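The values are calculated or read from the model by the stated rules, or taken from the named source; none is laboratory data. Computed from a predicted structure; not experimentally measured. A quick note on method: Cβ atoms are made from the backbone with ideal geometry, for glycine too, and the neighbour counts reach across all protein chains shown. Note: accessible area is taken over every heavy atom of the protein model, side chains too, but ligands, DNA and RNA are not part of it. Shrake-Rupley method; radii C 1.70, N 1.55, O 1.52, S 1.80 Å.
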Amino acid sequence: MPKPIVALVGRPNVGKSTLFNRLAGERLAIVDETPGTTRDRIFAEAEWNGIPFDIVDTGGIDPTYGGKSPLSVGSADFIEQIRQQALVAVRDADAVLFLTDGADGVTPADREVAEILRRYQKNVDDKRWPPIFLVVNKCESANRREQAIQFYELGLGDPYPISGLHGMGTGDLLDDLVAAFPPPAEEEEDESVKIAIVGKPNAGKSSLLNKLVGEERAIVSPIPGTTRDAIDTKIEFNSLPITLIDTAGIRRRGKIEPGVEKYSVLRSFKAIERADVVLLLIDATTGITAQDAHIAGFIIEAWKSTVVLVNKWDAIPKDTYTMDEYTLLVRRELNFMDYFPLLFISAKTGQRIEQVLPMALRVQEERLARIITSRLNQVLRDAQDAHPAPSHAGRQLKIYYGAQVRTDPPTFMIYVNEPKLMHFSYLRFLENRIRDQYEFLGTPIKIVTKGHKED
């Protein structure tokens, strides 16, 4: 079930990243006194009163954009950034937190954002626009909380004086926020295999979709970011129903343009969450980049199975060793997910396109595979014989037995004497030994340790 989306909107340096970290319960975004320093995570999961939701830190409108000062509120560039940020937030989010700064008071930029939000609410169906919460941040003192009444002039209802840094007032805000979420929609049962096509802008995602479908179902353009929304296409392959999810291109956090593209990225992440298998497209003409590794990291965090596709292979000058050299390069740069299958394709010419769906379906089968308990425990015993479990402070880790407790993704529960003695490097060793016997091609493995007393 998709979780509600809460967008944080506001001018630079009002504390969006600080509140983002507070709601997420950990430091996921970079916090700095310099306006516009948000360069890290764009979203995170949060929960209040047992209700989960996704929060989105839009990043402050870049005060250096076009060489303009953040005080140049009248500049066309700055106003356009405000407009894009606010409009896309109310279009795609289930709720909007409009942050202002209690220390600065009401600024011209705050008035611009408020005017855009009010105008949008008047022009759309009342059942569709999300609730907007006016949040006055940095109200640590009683004096600032009293002065928050000046924000009534923005015409967006009661202000919520809070301190994102210390957490003051956030409880009342969150109570009202989750109460305003729309009721969860009933989802139709869908037994199809869901395959998401993701990658940085202009990697060829829409072209690949068209080749897989066999007709022009998505707009193909050389302009990065043409695809704004996640597009679902239903097909059948060997009598098996498949849902192909084409998404907007994902860019590195610091390269995401303010406004529409930020939330196109969010939709791509949501598509990854919905997918069973993710096709990660890499542009062969640019080589593997930090953006590609960044996207791969989000796929891993979502525990999704992956096929890596090196696209535009037709545009690469080749000799006998080119493919082998490129394979080594990709696997070295993505060594944190070295279980993925790799295909070299051309969505333009159709080269090896016929291998994409069979490989994706094979990976999906691996995702649903199960190891019988007796065989798993033999693997664990052999692993300990080959490499004894680690010890710490004179305490030796003892592995009693293990079992696969679920599939999708494959998850293993290993019972030990003290879970804290299990080092991550030994977990990786056990994973590799399991994969030696059962490949789980393209699929991440979860290993969970649980304390257990030996009889």
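Listed by first and then second residue, the pairs linking a residue in region 281-304 that is within 19 Å of Ala347 (Cβ to Cβ) and in contact (Cβ under 8 Å) with a residue 24 or more places away in the chain to a residue that is of a type in the set (Gly, Ala, Ser) and surrounded by fewer than 16 Cβ atoms within 10 Å (Cβ to Cβ), with Cβ atoms under 7 Å apart and 6 or more places separating them unless they lie on different chains, are Ala284/Ala315; Thr285/Ala315.
For Pro419, state whether it is in contact with a Gly (Cβ under 8 Å, 6 or more places away or on another chain) and either at pLDDT 90 or above or not small (Gly, Ala, Ser) (or both). The answer is yes for Pro419. Residues in region 323-348 that are part of a helix (DSSP H, G or I) and open to solvent by 20 Å² or more (accessible area, probe 1.4 Å): Met323, Asp324, Glu325, Tyr326, Thr327, Leu328, Leu329, Arg331, Arg332, Glu333, Asn335, Phe336. For region 268-305, a residue qualifies if it is within 15 Å of Leu208 (Cβ to Cβ), part of a strand (DSSP E or B) and touching a Phe, Trp or Tyr at 6+ places or on another chain (Cβ under 9 Å), and exactly one does: Leu280. Total residues in region 157-182 satisfying the condition of being of a type in the set (A, V, I, L, M) and open to solvent by 20 Å² or more (accessible area, probe 1.4 Å): the figure is 4. All but one of (1) closer than 20 Å to Leu212 by Cβ; (2) in a helix (DSSP H, G or I); (3) open to solvent by less than 80 Å² (accessible area, probe 1.4 Å) hold for Glu354; state the number of the condition that does not hold. (3) is the only condition that Glu354 fails. The set of residues in region 390-438 that are in contact with a Phe, Trp or Tyr (Cβ under 8 Å, 6 or more places away or on another chain), open to solvent by 40 Å² or more (accessible area, probe 1.4 Å) and over 30 Å from Gln364 (Cβ atoms) contains only Tyr400.
Residues are listed down the side, and each one gets a yes or a no for (1) at pLDDT 90 or above; (2) more than 14 Å from Thr100 (Cα to Cα):
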{"residue": "Val136", "(1), (2)": "yes, no"}
{"residue": "Asn143", "(1), (2)": "yes, yes"}
{"residue": "Pro161", "(1), (2)": "yes, no"}
{"residue": "Ile195", "(1), (2)": "yes, yes"}
{"residue": "Leu208", "(1), (2)": "yes, yes"}
{"residue": "Glu215", "(1), (2)": "no, yes"}
